[in-house]
Amino acid sequence: MPESLVSGLSLDRLERISRHFEKNYIQPGKLPGFAALVARHGKVVWSEARGLREAERNLPMERDTVFRIYSMTKPITSIAMMQLYEQGRFLLNDPVHKYIPAWRNLRVYKGGSYPDFKTEPAATTMTVRDLMTHTSGLTYGFTERTEVDAAYRQLKLDGSSILTLDKLVDRLADLPLEFSPGTAWNYSVSTDVIGYLVQLLSGQPLDDYFQEHIFKPLGMTETGFQVRPDQQDRFAACYLHQPGDTMKLQDDPRRSKYLKQPRFLSGGGGLVSTIDDYYRFAQALCQGGEYQGQRIIGRKTLEFMRLNHLPEGKDLPALSIGGFSETPYAGSGFGLGFSVKTDVAKSATIGSQNEFGWGGLASTSFFVDPVEDMVVIFMTQLMPSSSYPIRQELRALVYGALD
């Protein structure tokens, strides 16, 4: 019997995705469930939801389940910033202290621990592009690698009930950088600072800006910084990976902080969404910045964002000083808001040159392949995203379905 092909993808082979994750992850109790979507040539070819969105109450995963997308917020914030670039509001080589004067004399860590750091002046000036490419010298508290990120944890700079974007920027002014800007790559709160700059340059709160300039034009009615009352019955539980490949409840959807409007509008990781809502955004990126007649970013601007912007065209292994990322390092560079595949063979994972995307801390991910005109969205809720190699396995399963 011949294979059923839609847009050059085999539906029979795409079903391997469901079988693989059911057998290897859901049944053994490694993942609660998942929802996934594959689109090609602007058409959703395959979508599936399997397992549970909430194991404790035996509630099924469904196509309209609402997920914490964490760092999949970053590409949205980066697009917002580049919309302002298109309006002449800033230049990428502008020093950050032009907009945040307290950051004029940033210093670099040399020794000691908070609050008694030994520092030296930064050898370079931090630019807006350094923020967008994570070459700023900032870090994340959760990486637990250095005395600087220990200070982030102590000051709760990865997010807390009292943190705001203004407070984040004020407190970062007093902390040393991990390295001089532009000399290394380190995953960090840089995109939260970009969110602050979006507010500053646009004169709008970040949530209002997203709604007016990205969500409403694209018809993204399920994405925001808060789970609305009408979404609460569809909100998934989030789980934490445990030794022995089990999981425990990390965030109960009935008592989650996401049920309230947050004070800290995290452009680095604060949004919730669904597979179909995020697809609208990803499809716009695949189509050069436009979806269903609504353009959110210029075609040439997006082409520029998709280039590898790391210093001297280097890749992540050559520049990274930290061990955490939402993409495997090998064969990848970094653009203005997402990773970019620069060497398919070196990545040891099937794909295309210039494929781009990103993931989130709870194991969500997306990628856009302009060569194959394909978009893939995968949502689940297990922290950390490094627990299993599901992103690489997903690529093998998806690309294996191409005719």
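Note on ALA150 and GLN242: the extension gain reaches 30.8 nm, defined as 0.36 nm multiplied by sequence separation minus the Cα-Cα distance. For ARG53, the amide hydrogen comes within under 5 Å of the amide hydrogens of LEU59, MET61, counting only partners 5 or more places away or on other chains and with H modelled in the peptide plane.
Select from the stretch 67-164 those trypsin sites (Lys or Arg not before Pro) which occupy a DSSP coil region and have at most 14 other Cβ atoms within 10 Å, ordered by residue number.
Details: sites: ARG68, ARG89, LYS98, ARG104, ARG107, LYS110, LYS118, ARG129, ARG145, ARG153, LYS156; in loops: ARG89, ARG104, ARG145, LYS156.
When the trypsin sites (Lys or Arg not before Pro) of the stretch 67-164 are filtered for loop state and at most 14 Cβ neighbours within 10 Å, ARG104 remain.
How large is the charge dipole for the chain, taken about the Cα centre, if only the Cβ atoms of Lys, Arg (+1) and Asp, Glu (-1) carry charge, to the nearest 20 debye?
Values: 44 positive and 46 negative charges, 79 e Å.
Around 380 debye, computed over the chain.
Residues whose amide H comes within less than 5 Å of that of PHE235, counting only those at least five positions distant or on another chain, are VAL66 (H built at 1.01 Å from N in the peptide plane).
So for the stretch 1-102, what are the equivalent ellipsoid semi-axes in whole Å, largest first, each being the square root of 5 times an eigenvalue of the Cα gyration tensor? Walk me through the numbers before you get to the answer.
Working: eigenvalues 312, 97, 23 Å².
Sorted largest first and rounded, they come to 39, 22, 11 Å.
Can you send over the carbon and sulfur percentage of the accessible area for the chain, probe radius 1.4 Å, protein chains only? Result for the chain: 48 percent of the exposed heavy-atom area is carbon or sulfur. Computed from the Cβ-Cβ distance with R0 of 56 Å, the FRET efficiency linking LYS118 to GLN294 stands at 0.60. Probing with 1.4 Å while keeping every protein chain in the model, the per residue accessible area of the chain equals 39 Å². Labels on offer are [x] -1.00; [y] -0.78; [z] -0.88, and the one holding log10 I(q)/I(0) by the Debye sum over Cα atoms at q = 0.11 Å⁻¹ computed from this structure is [y]. Only Lys, Arg, Asp and Glu carry charge here, each on its Cβ (+1 for the first two, -1 for the last two); on that basis the stretch 142-257 has a dipole of about 260 debye about its Cα centre.
Once each part is reduced to its C-alpha centroid, what is the distance from the stretch 304-377 to the stretch 164-220 in angstrom? So the two Cα centres are separated by 21 Å.
Each residue of the stretch 340-353 was assigned a 3J(HN,Hα) from its phi angle through the Karplus curve 6.51 cos²θ - 1.76 cosθ + 1.60 (θ = phi - 60°); the sequence is 10, 6, 9, 8, 4, 5, 5, 6, 6, 9, 4, x, 10, 4 Hz, with glycine and proline shown as x. The loop-placed GluC sites (Glu not before Pro) in the stretch 1-104, going by DSSP, that have at most 11 neighbouring Cβ atoms within 10 Å of their Cβ come out as GLU3.
Take GLU56, project a point 7 Å from its Cα along the Cβ direction, then tell me which residues of the stretch 374-389 have their backbone nitrogen under 20 Å from it. The answer is 380-384.
Each residue of the stretch 65-76 was assigned a 3J(HN,Hα) from its phi angle through the Karplus expression (A = 6.51, B = -1.76, C = 1.60, θ = phi - 60°), giving 4, 9, 10, 7, 9, 6, 6, 5, 5, 4, x, 5 Hz with x at Gly and Pro. Summarising the amide proton neighbourhood of GLY322: residues at separation of 5 or more, or on other chains, whose placed amide H is nearer than 5 Å comprise TYR187.
The values are calculated or read from the model by the stated rules, or taken from the named source; none is laboratory data. Nothing here was measured: the structure is a model prediction, and the numbers come from that model. With ideal geometry, Cβ positions are generated from the backbone for all residues, glycine too; neighbour counts draw on all protein chains shown. For the accessible areas, the whole protein counts, side chains as well, though only heavy atoms, and no ligand, DNA or RNA atoms are used. Shrake-Rupley method; radii C 1.70, N 1.55, O 1.52, S 1.80 Å.
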